[in-house]
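Scroll down for the structure; my scribbles are underneath it.
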Amino acid sequence: MRHLLDLTELSPSDLKSILDLAVEIKTLMKKNPDEYRVKWSTRLDGKTLLMLFEKPSLRTRISFEVGMTQLGGHAIFYSIKDSPLGKKESIADTAKVISRMCDIMMARLFKHEDILKLAANSTIPIINALTDYAHPCQIIADLMTIREHFGRTEGLTLAYVGDSNNNVTHSLMIGCPLAGMNVHVGAPDAEEFLPQPDVMEKASELADAAGTKVRIFKDAIHAVKNVDIVYTDSWMSYHIPDQQKAMRIKTLMPFQVTSNLMGYAKDTAVFMNCLPAMRGEEQTAEVIDGPKSIVFDEAENRLHAQKAVMLRLLGAA
Ligand code: CP
Ligand code: NVA
């Protein structure tokens, strides 16, 4: 593993080893902080992570920065507003300069092709911290959360409902089959809300290899029937222009996760959202603040998962 740009780069065993490491680090930190300090707290001593942001963030920024601190390294937050990236300075030159000074880099960018360009010109590991196309770090934390909750991922079914032409949906469609899970996607029957065709194709191939299923539904009830996990994400992703808001709310409202919709999933089902979330849009307050919601475990696990990813990429695991 040289970079983490998209989960398609991982094999099921790569994914499993990252999840194992993330769980090991979290468990030790919580149960035996002294032992954590001895084993991990200087593991990335002298290492610097550059964090390049073209869009806002709460969880991703903080989890990487805290993660680096807790592993003994240093993180630099670099907003694209302060950067000439892609304008006065080419992406290739940016990657070459950062490679001369830092040990690892993460970037949250609009265009996926830009992160591919960064990686192609970099001699240090590059982590995709979200593009319009994929959000691999989120899904690693999600799969960790699912494993913690159910004791396994294999054989479970996750239903994602809502805007599905979406980075989180795309990465779930790849990550779930890699973890031995089935994925249902419930979305309006229109190209702008459906997963991109190349993701559908890759997800189906991975599901065939895993003996699982990826299925697309035109309505929310069929999508969530008897599933173990109901997942949704913002209807207004960072890159969606504000003027689309009214149209999107109207079109996506039949896919809102309500208590009634949760009632079609298994009794043991949980609710997930990568956050940030809008109560009254992609889910009701009753669902996200209710007993089936595990959204804050999911948010916390970003920290532990990020550490595992950085340790793996730096060969320090
Ligand atoms: N889930 C997630 O990536 O959150 P942020 O946008 O706050 O980083
Ligand atoms: N789909 C969302 C994910 C946020 C973490 C977005 O791109 O804004």
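A few remarks follow.
- Filter result for the condition that a residue is among the β-branched types (Val, Ile, Thr), touching a His at 6+ places or on another chain (Cβ under 7 Å) and surrounded by 14 or more Cβ atoms within 10 Å (Cβ to Cβ), over Thr60, Thr48: Thr48
- Output for the range 50-79, where each listed residue is more than 15 Å from ligand 1 (Cβ to nearest atom) and not aromatic (Phe, Trp, Tyr): Leu50, Met68, Thr69, Gln70, Leu71, Gly72, Gly73, His74, Ile76
- The set of residues from the range 149-158 being over 18 Å from Glu300 (Cα atoms), outside any loop (DSSP other than H, G, I, E, B) and not polar (S, T, N, Q) comprises just one member, Leu158.
Every residue, every condition in (1) outside any loop (DSSP other than H, G, I, E, B); (2) within 14 Å of ligand 2 (Cβ to nearest atom); (3) of a type in the set (Ser, Thr, Tyr), yes or no:
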position	(1), (2), (3)
Arg147	yes, no, no
Tyr160	yes, yes, yes
Gly175	yes, no, no
Gly180	no, no, no
Asp189	no, no, no
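- Elements of type helices (runs of 4 or more DSSP H) contained in the range 57-138, each with 1 or more residues being within 16 Å of ligand 2 (Cβ to nearest atom) and of a type in the set (A, V, I, L, M): 59-70, 112-120
- Conditions (1) within 16 Å of ligand 1 (Cβ to nearest atom); (2) under 17 Å from Arg312 (Cβ atoms): number failed by Met105: (1)
- Test for Asn273: is it in contact with a Ser or Thr (Cβ under 9 Å, 6 or more places away or on another chain) and polar (S, T, N, Q): yes
- Pick from the range 294-312, criterion surrounded by fewer than 21 Cβ atoms within 10 Å (Cβ to Cβ) and not charged (D, E, K, R), ranking: nearest to Met1 (Cα to Cα): Leu311
Each row is one residue, and each column tells you yes or no for (1) surrounded by 15 or more Cβ atoms within 10 Å (Cβ to Cβ); (2) free of Cβ contacts under 8 Å to residues at least 24 places away in the same chain; (3) among the small types (Gly, Ala, Ser).
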{"residue": "Pro195", "(1), (2), (3)": "yes, no, no"}
{"residue": "Glu201", "(1), (2), (3)": "no, yes, no"}
{"residue": "Met253", "(1), (2), (3)": "no, yes, no"}
{"residue": "Ala269", "(1), (2), (3)": "yes, no, yes"}
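- Filter result for Ala141 (touching a helix residue (DSSP H, G or I) at 6+ places or on another chain (Cβ under 9 Å), modelled with pLDDT of 95 or more and closer than 22 Å to Ala22 by Cβ): yes
- So Gly162, is it touching a residue at least 60 places away in the same chain (Cβ under 8 Å), over 19 Å from Gly211 (Cβ atoms) and within 16 Å of ligand 1 (Cβ to nearest atom): yes
- Comparison of Gly67, Gly72 shows that the only residue that is closer than 28 Å to His149 by Cβ and surrounded by 15 or more Cβ atoms within 10 Å (Cβ to Cβ) is Gly67.
- Just one of the listed residues (Thr284, Thr212, Thr258) is among the hydroxyl-bearing types (Ser, Thr, Tyr), surrounded by fewer than 15 Cβ atoms within 10 Å (Cβ to Cβ) and over 18 Å from the mean Cα position of the chain (by Cα), namely Thr258.
The values are calculated or read from the model by the stated rules, or taken from the named source; none is laboratory data. If you're wondering where the values come from, they're calculated on a predicted model, not measured in any experiment. Counting neighbours? That spans all protein chains shown, and the Cβs are built from the backbone with ideal geometry, glycine included.
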